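*Asks:* Got a structure for you, questions after.
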Amino acid sequence: EETGDDDSYEFGKGDFTEHACRYCGVQNPACVVRCNVPSCRKWFCNSRGSTSGSHIVNHLVRAKHKEVCLHKDSPLGETILECYNCGCRNVFLLGFISAKAESVVVLLCREPCLNVNALKDMNWDLSQWCPLIDDRCFLQWLVKVPSEQEQLRARQISAQQINKVEELWKSNPDATLEDLEKPGVDDEPQPVVLKYEDAYQYQNVFAPLIKLEADYDKMMKESQSKDNLTIRWDIGLNKKRIAYFVFPKEDNELRLVPGDELRLRYSGDAAHPAWQSVGHVVKLTAQEEVALELRASQGVPVDVNHGFSVDFVWKSTSFDRMQGAMKTFAVDETSVSGYIYHHLLGHEVEVQMVRNALPRRFGAPGLPELNASQVFAVKSVLQKPISLIQGPPGTGKTVTSAAIVYHMAKQGQGQVLVCAPSNVAVDQLAEKISATGLKVVRLCAKSREAVSSPVEHLTLHYQVRHLDTSEKSELHKLQQLKDEQGELSSSDEKKYKALKRATEREISQSADVICCTCVGAGDPRLANFRFRQVLIDESTQSTEPECLIPLVLGVKQVVLVGDHCQLGPVIMCKKAARAGLAQSLFERLVLLGVKPIRLQVQYRMHPSLSEFPSNSFYEGTLQNGVTINERQSTGIDFPWPVPNRPMFFYVQMGQEEISASGTSYLNRTEAANVEKIVTTFLKSGVIPSQIGVITPYEGQRAYIVNYMSRNGALRQQLYKEIEVASVDSFQGREKDYIILSCVRSNEHQGIGFLNDPRRLNVALTRARYGIVILGNPKVLSKQPLWNGLLTHYKEHECLVEGPLNNLKQSMVQFQKPKKIYN
Amino acid sequence: DEVRVRQKITKVDPLEEADFDREFRALMQESLESRKLELRARPTLNMMIPMNIFEGPTKDHHGRGVEGESGDDTLDEEAGGSKEVRVKVLVKRGSKQQTKEMFIPRDSSLVQSTKQKEAAELEE
Ligand SMILES: [Zn+2]
Ligand SMILES: [Zn+2]
Ligand SMILES: [Zn+2]
């Protein structure tokens, strides 16, 4: 998620042009005319679509309007059609006649001018009056009919919709077709579907969902004001003021991330005036402290530490860009190729291959050798305009993606755009791609420029600051001045901005590959860039409209990488999630019959750990690229019940509790045992950074952190260094040892979060060397997938109970699973 | 960017078509009627073809132009085999006359008759 751009630009380059057909959106000037009735003045095209008359004739008949004007770029220029003789403008009466001998034609009205005898005596041939409207369509040589391609990409409007919108225009001339579909305030939104008639229908479905999500996000974030904060002041390397404070995280979904914008306030006292300033979160420390870099350094009450308030500054940027992308997708024919347009909408398109020479080797310099399934993936992707790559955990998605990007860049089709929904994933990819020797520019949101990045040298803002050529010295001087003084005079500021933009452009244009988040692809700095080839990693974690942002920059070849068997995008608004906003484009394409190319060799997990996920989520296709020996924890003395099988399910019967906030759960017994397991690992020589504790509940997460630091048998600091987090925040990462605390333990209620098979898949596939699961089998076994997992552990004698130093096989009875999981 | 999309056959709803036809004819009828009522008086004629239409680089209307010039802007260019012919459309801007060039399909009735006449004239 990305917010904050200081410059305001318009989103969605593909604004509806004024002269687009109000029915179908066709905007070719040769194909449209304007209704000349002063209260109307709408444009319509001369295509029939699925109606009996062409759009313009349809409008004139339904609205009982009779005058039209041609487009200024049409062959006759901006011309109101009228009788040459009497000036009558009723198009239903007009027709062309030609001069008897000359190649000259004029419009003449049927009544009365055509019946004036005197005309016959002149040079005009009245025998061949050619009506302007013929077969319910304007003369096609006067107003062209849009081409078949143009019509295919236009809105597929029905006669019923036309009649409805004409009716609506009588009371509201500015109404749009979208208004017809708008749900009422309390209505459930239209759900997503598999196939869409056209990009307008697509937009009609997704735009309200994005709006719902945006509204929810805004409401939630703006309600996050906190008072009575204590501030610790500091100054950053760039000389900007930094405020450190603890942002008490209540038990709900909001987590601050670097780049978020907050407003810090002080209400004033006898010695200090009231003060406030906006800043960006640049860091979240391990102690859960927030570092806020303030925008303005003047007047900061640095001698005060208490009594501050903070509000969230909500930005609509990411949502605006999604809406903009959908609009562009609909109205701008050049936004994506025809093939991709129809494919994305689920139309049946004849298969197309990309005619590019294939490289002889599919690996890339600077990257590890590719395995067979990776080579196959690279090879097939290079030949297809749309491909999906499914990368199960640890299968080398990033390396494969980097190899694909390398070969694409070498094909000379222009710059390649590489995106992912999260900044972490973009950084990882940028690093790998850069290792192949390609010139990479990592574009960061302006609000994240101060956030440290592992690929800082690749970022555009870094490269701008360090492009040390003599022509740029002017920019450097200004930059230094700005850094020292905090601001520039307005003329200098103007000069600085212009120079900076030019430099940014120069650097970006010389890159082989641009890397940014999906939302970042809507950055104004890329507004004039075109990308024929786009790769989106982690695409199963982004919503469709988010995925569309990088695509509408002219894509002809797209590669979506992801894994629809792992967690999808996080949708906060339940209504929007229910309507299907959480389904990614990748998933919909799979449902439409696009077969993902699956990477099949995993290099992360001990073979014992990959067995169950492979069988349950990947039809048993996951092969092990690591051997048992390579994943042996030599020198680690840990009481695994079965040697060589570093896993066990630790039976816990302690009750769950509702957390203090009332919105989450915790389980004290499990927490106590987590501490014991962690301590045993640490004692046996495992270091804290090797261990990850996963739990699906924030209540339990907080409780475990607290419990370990207070009750841990070893030094407190050791426990503090252990990452305790939700399943979701572990997606895409790995640890040597994972401890999973399931929490839910009750007689009658469900298992909540644990019900999602994709969440279980993610939880089970983070560990490289070993995994310990703590949970109540009686409760969990009701769910078929968990039942399968428990049976698997039991069969391998890894279902155990008792004290950690004396684990015994558990004889606990499972319950019959309730529903069939598919 | 050629793309082949398997299209659904769009069928026009016959009821809708009939309804549309009815309204179309009603509008046409109403238009004609209103004109009959409005313009009892004979319209004055203002239909002279301005002479300056034939000025400019093109040759005269009989197609017997300067040798070497192609006759692509007159009606008698069968030899070219082009599907369209160029015509001049006469329009009024206020009281001023203007001409604009346009292409009309060769098989349009508008062109056909003129051509036949021209052919006849030529034969004479
Ligand atoms: Zn109108
Ligand atoms: Zn239209
Ligand atoms: Zn007239």
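*Asks:* Search the structure for amide H atoms under 5 Å from the amide H of A:Ile386, placed 1.01 Å from N in the peptide plane, and list their residues when 5 or more places away or on another chain.
*Replies:* A:Val558
*Asks:* Provide the FRET efficiency to the nearest 0.05 for the A:Ala435-A:Leu168 pair, computing r from the beta carbons and using R0 = 60 Å.
*Replies:* Working: r = 57 Å, r/R0 = 0.96.
After rounding to 0.05, the efficiency reads 0.55.
*Asks:* Between A:Asp73 and A:Val424, how high is the FRET efficiency from 1/(1 + (r/R0)^6) when r is the Cβ-Cβ distance and R₀ = 60 Å? Nearest 0.05. Provide the component values of the computation, followed by the final result.
*Replies:* Values: r = 48 Å, r/R0 = 0.81.
E(calc), rounded to 0.05, equals 0.80.
*Asks:* Give me the one-decimal nm value for the distance between modelled label points at A:Lys482 and A:Lys595, 7 Å along each residue's Cα-to-Cβ direction.
*Replies:* Taking the two extended label points, one gets 5.3 nm.
*Asks:* Fully extended, how many nm does the chain gain between A:Ser225 and A:Arg360 (0.36 nm per residue separation, minus their Cα-Cα distance)?
*Replies:* Values: separation 135, 0.36 × 135 = 48.60 nm, distance 5.87 nm.
Contour length minus the Cα-Cα distance gives 42.7 nm.
*Asks:* What number, in percent, do you get for the relative contact order of region A:116-274 if the mean sequence gap of Cα pairs under 8 Å and at least 6 apart is divided by its residue count?
*Replies:* Across region A:116-274, relative contact order equals 11 percent.
*Asks:* Moving on. Roughly what would the spin-label model give for A:Glu795 and A:Asn711, points 7 Å off Cα along C-beta, in nm?
*Replies:* About 3.6 nm separates the two model spin labels.
*Asks:* I'd like the Karplus ³J(HN,Hα) series for region A:806-814: coefficients 6.51, -1.76, 1.60, θ = phi - 60°, whole numbers in Hz, and an x wherever there's a Gly or Pro.
*Replies:* Working through the residues one at a time gives 8, 6, 10, 5, 8, 9, 4, 7, 8 Hz.
*Asks:* Expected output is a single nm value to one decimal: the length gained when fully extending between A:Asn117 and A:Gln813, i.e. 0.36 nm times separation in residues minus the C-alpha distance. What is it?
*Replies:* On the way: separation 696, 0.36 × 696 = 250.56 nm, distance 10.52 nm.
Fully extending the segment from A:Asn117 to A:Gln813 adds 240.0 nm.
*Asks:* If you take the Cα atoms of chain A, find Rg, then find the Kirkwood Rh from the mean of 1/r over all pairs, what is Rg/Rh?
*Replies:* Details: Rg = 32.2 Å, Rh = 30.6 Å.
A ratio of 1.05.
*Asks:* Please work out how much length the chain gains when fully extended from A:Arg295 to A:His272, using 0.36 nm per residue of separation minus the C-alpha to C-alpha distance, in nm with one decimal. It would help to have the intermediate numbers written out before the result.
*Replies:* Numbers: separation 23, 0.36 × 23 = 8.28 nm, distance 1.96 nm.
Length gained between A:Arg295 and A:His272: 6.3 nm.
*Asks:* Arranged by the count of other C-beta atoms within 10 angstrom, fewest first, what order do A:Lys574, A:Lys432, A:Lys495 take? Present the calculation step by step, with values, prior to reporting the outcome.
*Replies:* Details: A:Lys574 10, A:Lys432 23, A:Lys495 15.
The most exposed by this proxy come first: A:Lys574, A:Lys495, A:Lys432.
*Asks:* With an 8 Å Cα cut-off and a minimum separation of 6 or more residues, compute the relative contact order for chain A in percent.
*Replies:* Numbers: 1597 pairs, mean separation 83.8, N = 822.
Averaging sequence separation for qualifying contacts and normalising by length gives 10 percent for chain A.
*Asks:* Here is a follow-up. With 10 angstrom as the radius, rank A:Glu723, A:Glu619 by how many other C-beta atoms surround their C-beta, starting from the fewest.
*Replies:* Starting with the residue having the fewest Cβ neighbours, the order is A:Glu619, A:Glu723.
*Asks:* Same structure again: Please work out the ratio of the alpha-carbon Rg of region A:540-581 to 2.2 N^0.38 Å and round it to two decimals.
*Replies:* On the way: Rg = 12.1 Å, N = 42, 2.2 N^0.38 = 9.1 Å.
Its radius of gyration relative to the 2.2 N^0.38 Å reference: 1.33.
*Asks:* Given Cβ point charges of +1 (Lys, Arg) and -1 (Asp, Glu) and nothing else, what value in debye, to the nearest 20, does the dipole of region A:131-231 about its Cα centre take? Don't skip to the end; give the middle numbers.
*Replies:* Numbers: 12 positive and 20 negative charges, 44 e Å.
The calculated dipole for region A:131-231 is roughly 220 debye.
*Asks:* So how far apart, in nm, are the two label points at A:Ser510 and A:Ser729 if each is 7 Å from Cα heading toward Cβ?
*Replies:* Going from the A:Ser510 label point to the A:Ser729 one covers 4.0 nm.
*Asks:* Over 26 Å between Cα atoms: which of A:Lys211/A:Lys384; A:Lys226/A:Lys500; A:Lys195/A:Lys379; A:Lys221/A:Lys283 fall into that group? Provide the component values of the computation, followed by the final result.
*Replies:* On the way: A:Lys211/A:Lys384 34 Å; A:Lys226/A:Lys500 37 Å; A:Lys195/A:Lys379 29 Å; A:Lys221/A:Lys283 18 Å.
Pairs exceeding the cut-off: A:Lys211/A:Lys384; A:Lys226/A:Lys500; A:Lys195/A:Lys379.
*Asks:* Taking the number of other C-beta atoms within 10 Å as the exposure measure, put A:Ser539, A:Ser684 in order starting with the fewest. Walk me through the numbers before you get to the answer.
*Replies:* Details: A:Ser539 30, A:Ser684 13.
Least crowded to most crowded, the residues run A:Ser684, A:Ser539.
*Asks:* I've got another one for you. Averaged across the residues of A:124-134, what count of C-beta atoms belonging to other chains lies within 10 Å of each residue's C-beta?
*Replies:* Numbers: counts 2, 4, 0, 2, 7, 2, 6, 1, 0, 2, 0.
For this peptide, the per-residue mean of nearby foreign Cβ atoms is 2.
*Asks:* Restricting to Cα pairs below 8 Å that are 6+ residues apart, what does the relative contact order work out to for region A:423-479? Please round to a whole percent.
*Replies:* 29 percent.
*Asks:* If amide hydrogens are placed 1.01 Å from N in the peptide plane, which non-local residues have theirs closer than 5 Å to the one on A:Val601?
*Replies:* Here the answer is A:Gln623, since their amide H atoms fall under 5 Å of that of A:Val601.
*Asks:* Per-residue HN-Hα couplings for region A:97-111, Karplus 6.51 cos²θ - 1.76 cosθ + 1.60 at θ = phi - 60°, whole Hz, x for Gly and Pro?
*Replies:* Per residue, the Karplus-derived 3J(HN,Hα) values read 10, 10, 5, 4, 10, 8, 8, 10, 10, 9, 8, 9, 7, 6, 9 Hz.
*Asks:* For A:Thr176 and B:Glu23, what does the FRET efficiency come to when R0 = 22 Å and r is the distance between their Cβ atoms, rounded to the nearest 0.05?
*Replies:* Numbers: r = 24 Å, r/R0 = 1.07.
E between A:Thr176 and B:Glu23, to the nearest 0.05, is 0.40.
*Asks:* Using DSSP, restrict attention to beta bridges with both residues in the protein assembly as shown and report what percent are antiparallel, rounded to the nearest 5. Before the final figure, lay out each step's value.
*Replies:* On the way: 60 of 109 bridges.
Of all bridge pairs located within the protein assembly as shown, approximately 55 percent are antiparallel.
*Asks:* For region A:695-822, take every pair of Cα atoms, bin their distances at 5 Å starting from 0, and report each bin as a whole percent.
*Replies:* All Cα pairs considered, the percentages come to 2, 9, 18, 21, 22, 16, 9, 2, 1, 0.
*Asks:* Can you give me the long-range amide H partners of A:Phe247? Hydrogens built in the peptide plane at 1.01 Å from N, cutoff under 5 Å, separation of 5 or more residues or another chain.
*Replies:* So A:Phe247 has HN proximity to A:Val290.
Read the figures in this text as sums done on the coordinates, not as results from a lab. The model shown is predicted, which means the values in this text are computed figures rather than measured ones. All Cβ positions, glycine included, derive from the backbone under ideal geometry; neighbour counts span all protein chains shown.
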